[in-house]
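Enquirer: Below you'll find the structure I mean.
The values are calculated or read from the model by the stated rules, or taken from the named source; none is laboratory data. The structure displayed is predicted, hence computed values, not measured ones. Note that we place each Cβ from the backbone using ideal geometry, even for glycine, and neighbour counts take in every protein chain shown.
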């Protein structure tokens with residue numbers, strides 16, 4: 001069994017790629033869900049600023065590998081019966097912890113899109129009225145750039161992207177991304 005950890009900057013298509021794995025029968029886990037749950041538990045509005053503050057405070061309290069530490073028991077249980085796709089591994093420390101534990105079972109899939117492409121996608125997102133977790137909220141290009149810098153500088157996000165076992169460039173349509181991911185899934189199953 002394998003864990004496919006999807007990495008990349010916000011707006012690159014990580015969640016869409018992970019959803020394609022899920023459609024192909026992989027169990028799905030989202031790294032950032034613990035942060036959103038904690039923001040809501042604290043009674044805060046789900047937005048980029050509150051998520052950043054909570055994420056950074058969780059990492060300060062539990063270390064930079066915090067999200068991976070929380071997810072290891074879930075991964076262990078799911079791997080007993082199926083492959084897993086993990087949406088949004090962020091930090092270098094998470095990568096190191098998971099690589100040490102799962103070794104060759106851990107496969108890093110990098111999704112890349114240029115900042116210009118990502119910022120346009122993020123600005124065009126539409127927040128659904130019933131989406132209390134605000135996962136697909138729109139952000140301005142300035143907010144997106146600020147988030148990029150914060151994630152690289154404060155969350156050590158660049159390392160796992162640099163260590164990707166596979167890289168998918170997502171500058172086109174959702175249909176094109178889907179085909180690239182399906183091709184990769186086929187390759188991984190050989």
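Enquirer: Could you grab me the full set of residues in segment 108-122 that are touching a strand residue (DSSP E or B) at 6+ places or on another chain (Cβ under 7 Å) and buried (at least 19 other Cβ atoms within 10 Å of the Cβ)?
Expert: 108, 109, 110, 111, listed by residue number.
Enquirer: Looking only at segment 108-117, decide whether some residue is more than 13 Å from residue 9 (Cβ to Cβ) and either under 18 Å from the mean Cα position of the chain (by Cα) or modelled with pLDDT of 95 or more (or both). So that I can check it myself, show each step before the final result.
Expert: Quick first cut of segment 108-117, residues more than 13 Å from residue 9 (Cβ to Cβ) only: 108-109.
Still in the running and either under 18 Å from the mean Cα position of the chain (by Cα) or modelled with pLDDT of 95 or more (or both): 108-109.
The answer is yes, given that some residue of segment 108-117 is more than 13 Å from residue 9 (Cβ to Cβ) and either under 18 Å from the mean Cα position of the chain (by Cα) or modelled with pLDDT of 95 or more (or both).
Enquirer: Of all residues in segment 19-32, which are surrounded by 24 or more Cβ atoms within 10 Å (Cβ to Cβ) and farther than 17 Å from residue 105 by Cα?
Expert: Within segment 19-32, the first condition is being surrounded by 24 or more Cβ atoms within 10 Å (Cβ to Cβ), and the residues that meet it are 21.
Result: no residue meets the conditions.
Enquirer: Still on this model: Take the residues in segment 48-63 that are over 22 Å from residue 95 (Cα atoms) and either surrounded by 14 or more Cβ atoms within 10 Å (Cβ to Cβ) or in contact with a strand residue (DSSP E or B) (Cβ under 7 Å, 6 or more places away or on another chain) (or both); name whichever of them is modelled with the lowest pLDDT.
Expert: 48
Enquirer: Another question, if that's okay. For residue 39, state whether it is touching a helix residue (DSSP H, G or I) at 6+ places or on another chain (Cβ under 6 Å) and within 23 Å of residue 96 (Cα to Cα).
Expert: no
Enquirer: Can you name the condition, by its number, that residue 35 falls short on among (1) buried (at least 22 other Cβ atoms within 10 Å of the Cβ); (2) under 19 Å from residue 81 (Cα atoms); (3) out of contact with any strand residue (DSSP E or B) (no Cβ under 8 Å at 6 or more places or on another chain)?
Expert: All conditions pass for residue 35, except number (2).
Enquirer: List the pairs whose first member sits in segment 169-182 and is at pLDDT below 95, whose second member is in a strand (DSSP E or B) and surrounded by 19 or more Cβ atoms within 10 Å (Cβ to Cβ), and whose Cβ atoms are under 8 Å apart, counting only residues at least 6 apart or on separate chains?
Expert: Pairs that qualify, where the first residue is at pLDDT below 95 and the partner is in a strand (DSSP E or B) and surrounded by 19 or more Cβ atoms within 10 Å (Cβ to Cβ): there are none.
Enquirer: So if I check each of 23, 100, 61, 48, which one is touching a residue at least 60 places away in the same chain (Cβ under 8 Å) and either within 18 Å of residue 151 (Cα to Cα) or out of contact with any helix residue (DSSP H, G or I) (no Cβ under 7 Å at 6 or more places or on another chain) (or both)?
Expert: When all the criteria are applied, what remains is 48.
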